[in-house]
Amino acid sequence: MTKTISFNDLRRIKDSLPDGSMHKIADKLNTTVQTVRNYFGGSNYEFGNNCGVHIEPGPDGGIVVLDDTTIYDMAIAILEENAAEK
């Protein structure tokens, strides 16, 4: 399922994740941490893969279309767990 989100909103999610979240997501998906970082707007494809993230210029940092929301959904779940613990 695809999802459209602004680039700035995607970065806010990434920046809100607790320490170690990128590693946790990468471990669960059996992928590299850099691949998860690339999903959130990184661009190091030497050590990570493209994750089906398409960025188009525009307001609020541009529009991002996520082909697969698995990493996004896991990040939201981590943020919800973190909020529930507080």
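Just to be sure I understand the filter: pairs with C-beta atoms under 6 Å, separated by 6 or more residues or on different chains, first member in the range 1-22 and under 10 Å from Gly61 (Cβ atoms), second member assigned to a helix (DSSP H, G or I) and of a type in the set (Asp, Glu). Which pairs pass?
Ser6/Asp60; Asn8/Asp60
For the range 55-66, what are the residues that are under 21 Å from Ser21 (Cα atoms) and surrounded by fewer than 17 Cβ atoms within 10 Å (Cβ to Cβ)?
Passing the criteria: none in range.
Being of a type in the set (Gly, Ala, Ser) and surrounded by 12 or more Cβ atoms within 10 Å (Cβ to Cβ) is the filter here; which residues of the range 1-26 pass it?
The answer is Ser6, Ser16, Ser21, Ala26.
Quickly run through the range 50-76 and pick out the residues that are more than 12 Å from the chain's Cα centre (by Cα) and part of a helix (DSSP H, G or I).
If the condition is that a residue be more than 12 Å from the chain's Cα centre (by Cα) and part of a helix (DSSP H, G or I), then Pro59, Asp60, Gly61 are the ones that fit.
Rule-based calculations on the coordinates, nothing more; no lab input. Fair warning: this is a prediction, and the values are worked out from it, not measured in the lab. In this analysis, Cβ positions are derived from the backbone assuming ideal geometry, glycine residues included, and neighbour counts consider all displayed protein chains.
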